[in-house]
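Shown next, in structure tokens, is the structure this report addresses.
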Ligand code: AMP
């Protein structure tokens, strides 16, 4: 497994993989890798021949009061996980490689970037869209793998790749969860055991939403309120939002649709957790 720090090293390795007739899969991450990331690598292993993972804690997607400085960076364990997963190339760039001094070029998907997570974290999706565009152009992969865990992120990336005609197919993989239902996340490492218990309220609220839909409830606000009450009723949990949206456009809903996405964000102590579930409706 090659660990590359420069763009040229990646391009040379990809060129020789292609010359050998190999298809290329790419998994962008911020590291602190867990089984959720591993599932994206496994998807690349199933569908491609040469596998790239990037590990880069992207400063432009963090707000001034967010956790950039304390975001976990377990380099050795991350490289070991990639090695075990059969990854061929890890792109581990220093910040100056991605953002040289006076860097000034940004990508923004208007509208979608200011809703929900974008409303709570201004500038976040501009940073995400910028770094993902750069990484996709550096890797030049046939397919890139993202998690449904970050639902709004994958929505924005799919729109961006389509509108910018980027030549990589975007594949979205299901959210991996711990056995108790908590969606796996690098940020779960911040949680105390009590906070982790409180964090289970997110997946409980999503389950409840599906059950209410199954019972034939026709009011969007009733379902949203029920999710919100689960969060707000859990000590130590501060809900940011708990909503039902259109699964492609993330627009607000006035009526129940055959497929909807329930999206939740809440703070547990100083840690922000997000989760979502696509709800299927028998109409
Ligand atoms: P991150 O390192 O948090 O930026 O995540 C890198 C990629 O892994 C993103 O596409 C995430 O959506 C995905 N990911 C994170 N957590 C999970 C999970 N629990 N299940 C599946 N994919 C995930």
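Every read-out reported here was derived from the displayed coordinates using simple, explicitly stated rules and does not represent laboratory data. Everything numeric here is computed off the predicted structure, so don't read it as measured data. In this analysis, Cβ positions are derived from the backbone assuming ideal geometry, glycine residues included, and neighbour counts consider all displayed protein chains.
Observations
- Cα-based helix-to-principal-axis angle, 35-47 vs the chain, degrees rounded to 10: 60 degrees
- Listed peptides 165-174, 101-110, 146-155 appear in the order 146-155, 165-174, 101-110 once ranked by packing, highest mean of other Cβ atoms within 10 Å at the front.
- As a length-normalised measure over Cα pairs under 8 Å and 6 or more apart, the relative contact order of segment 186-283 settles at 29 percent.
- Placing R0 at 35 angstrom, the Cβ-Cβ distance between residue 66 and residue 221 gives a FRET efficiency of 0.70 after rounding to 0.05.
- Comparing the chain with the 2.2 N^0.38 Å rule of thumb, its C-alpha radius of gyration ratio is 1.02 (two decimals).
- Each label point was placed 7 Å from the Cα along the Cα-to-Cβ direction; for residue 15 and residue 178 their separation is 4.6 nm.
- Taking each DSSP H run with n ≥ 4 as -39500 (n - 2.57) and averaging over every residue of the chain yields -12000 deg cm²/dmol at 222 nm.
- A Förster radius of 25 Å, combined with the Cβ-Cβ distance separating residue 257 from residue 164, puts the computed FRET efficiency at roughly 0.30.
- Alpha carbon centroid spacing (whole Å) that separates segment 216-245 from segment 121-151: 29 Å
- Estimated from the Cβ-Cβ distance and a Förster radius of 25 angstrom, the FRET efficiency linking residue 34 and residue 204 is about 0.75.
- Length-normalised contact order for the chain - Cα pairs under 8 Å, 6+ apart - percent: 16 percent
- Taking Cα atoms only, the orientation of helix 75-84 departs from the longest principal axis of the chain by about 80 degrees.
- Degrees between helix 7-19 axis and first principal axis of the chain (Cα, 0 to 90, nearest 10): 80 degrees
- Between segment 155-173 and segment 35-90, the alpha-carbon center distance in angstrom: 19 Å
- Inter-site label distance for residue 194 and residue 2 at 7 Å from Cα along Cβ, in nm: 5.1 nm
- DSSP assigns beta bridges within the chain; of those with both partners inside it, close to 50 percent run antiparallel.
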